Amino acid sequence: MSVAATAKALGVGWELVNKVAVTATRNLVYADPSHLAGVRILGVDEHVWKHTRRPGEPSSMVTVLVGLTPLVDGAGPARLIDMRPGRSAEVLRTWLRERDPQFRAGVQVVTMDGFAGYATAVDHDLPAARKVMDPFHVVHLAAEKLTGCRQRLQRETTGRRGRKDDPLYKHRRALLTRTNFLTDRQKQRLDLLWGTDDDYVALQVTWEFYQDLIGAYGHPDRSRGKKLMTRVIHTLHKGLPEGLEELAQLGRTLWRRRADILAYFDLGASNGPVEAINGRLEHLRGIALGFRN
């Protein structure tokens, strides 16, 4: 039963029921000494807690902390450990400093997205832990650079934004699709796109690196996947010709976070379960407020 339904059934206010529920949760969960026991693998991510924010109000973001140890060990699901208002290095550092030395010493792996603040916090307060940059966020970053390249070429070749009949705009979804999932028709269209105009060479090169990056993550042998990813990172770092600005930006980011990116292939831990819990939080918050769909 949701908070809204409970309040209606009891004839009291939503705030009162929510306060009682929060207090009971804190007493039952957070007051339990074993709540943080056995956390070797910690997942950290941000979550948009409020979708509206007035000027002067605190951040609408929260930092979500999830225990991934049971899932990685095959002993159970990931579990939500805590949430803190804000998204910054200081938010995570404060939370870590509030934990006892035994807890901090026990954390061996921390998974996260590409936000530098979380990486900084882990470096300061969990220096022995290995950081893992989540594969989804690495691929998403590469996809952003591919899209940025397409949009730049669209403006340079036409002087305007894309329209439905423009080749670059028309194939925007196919460009982001992994080659394994492209239909024969989509493959033919992309081949035609590459052969249409020399101005699209930069986009083709960026697309090929994007596909190589996805292929490294998708390789069934993680050790082989690590070698493929290492090759991508080092190739981009060696230097690129002019006209590949977005790819150069991607290369700098991958090089800076290369240890965290490659750690995934050694450990296999990712932020996927954390994202799943974020989705559940979004749904539960809607239920608590009385939304039905």
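The values are calculated or read from the model by the stated rules, or taken from the named source; none is laboratory data. Treat the numbers as computed from the prediction; the structure is a model and nothing was measured. Note that each Cβ is placed from the backbone with ideal geometry, even for glycine, and that neighbours are counted across all protein chains shown.
Within the range 103-128, the set of residues being among the aliphatic types (A, V, I, L, M) and out of contact with any Leu (no Cβ under 8 Å at 6 or more places or on another chain) comprises Ala105, Met112, Ala116, Ala119, Ala128.
Here are the criteria: (1) more than 17 Å from the chain's Cα centre (by Cα); (2) closer than 24 Å to Arg97 by Cβ. Tell me which single one Gln154 does not satisfy. Every listed condition holds for Gln154 apart from (2). Taking first residues from the range 19-39 that are not assigned by TED's automatic domain parsing to the domain that holds Leu284 and partners that are loosely packed, with under 10 Cβ neighbours inside 10 Å, no Cβ contact under 6 Å between residues at least 6 apart in sequence or on separate chains turns up.
Selection within the range 27-57: residues that are more than 28 Å from the chain's Cα centre (by Cα) and not aliphatic (A, V, I, L, M). The member of this set that is farthest from Gly67 (Cα to Cα) is Asn27.
Looking only at the range 227-265, residues that are in a helix (DSSP H, G or I), closer than 19 Å to Val122 by Cα and not polar (S, T, N, Q) come to 10 in all.
Just one residue in the set Leu193, Leu146, Leu141 is without any contact (Cβ under 8 Å) to a residue 60 or more places away in the chain, under 25 Å from Leu213 (Cα atoms) and either crowded, with 16+ Cβ neighbours inside 10 Å or assigned by TED's automatic domain parsing to the domain that holds Ala89 (or both); that residue is Leu193.
Are any residues in the range 224-241 farther than 11 Å from Leu262 by Cα and not basic (Lys, Arg), and if so, which ones? Listed by number, the residues that qualify are Val232, His234, Thr235, Leu236, His237, Gly239, Leu240, Pro241. Put simply, of Ala31, Ala21 the only residue that is surrounded by 10 or more Cβ atoms within 10 Å (Cβ to Cβ) and not basic (Lys, Arg) is Ala21. Listed by first and then second residue, the pairs linking a residue in the range 243-259 that is closer than 11 Å to Leu141 by Cα to a residue that is in a helix (DSSP H, G or I) and charged (D, E, K, R), with Cβ atoms under 8 Å apart and 6 or more places separating them unless they lie on different chains, are Glu246/Lys145; Glu246/Arg152; Leu247/Lys145; Gln249/Lys145; Leu250/Lys145. Out of the range 154-176, which residues are outside any helix (DSSP H, G or I) and surrounded by fewer than 15 Cβ atoms within 10 Å (Cβ to Cβ)? Correct list: Gly159, Arg160, Arg161, Arg163, Lys164, Asp165.
Within the range 217-264, the residues that satisfy the criterion of being among the basic types (Lys, Arg) and surrounded by fewer than 18 Cβ atoms within 10 Å (Cβ to Cβ) are Arg222, Arg224, Lys227, Arg231, Lys238, Arg252, Arg256, Arg258. Residues of the range 22-47 that are at pLDDT below 90, out of contact with any strand residue (DSSP E or B) (no Cβ under 8 Å at 6 or more places or on another chain) and in a helix (DSSP H, G or I): Val22, Thr25, Arg26, Asn27, Leu28, Val29, Pro33, Ser34.
Taking (1) outside the structural domain of Leu254 (by TED's automatic domain parsing); (2) buried (at least 16 other Cβ atoms within 10 Å of the Cβ); (3) not hydroxyl-bearing (Ser, Thr, Tyr) in turn, Pro127 satisfies each apart from (2).
The single condition among (1) surrounded by 13 or more Cβ atoms within 10 Å (Cβ to Cβ); (2) more than 22 Å from Gly251 (Cα to Cα) that Tyr200 does not meet is (2).
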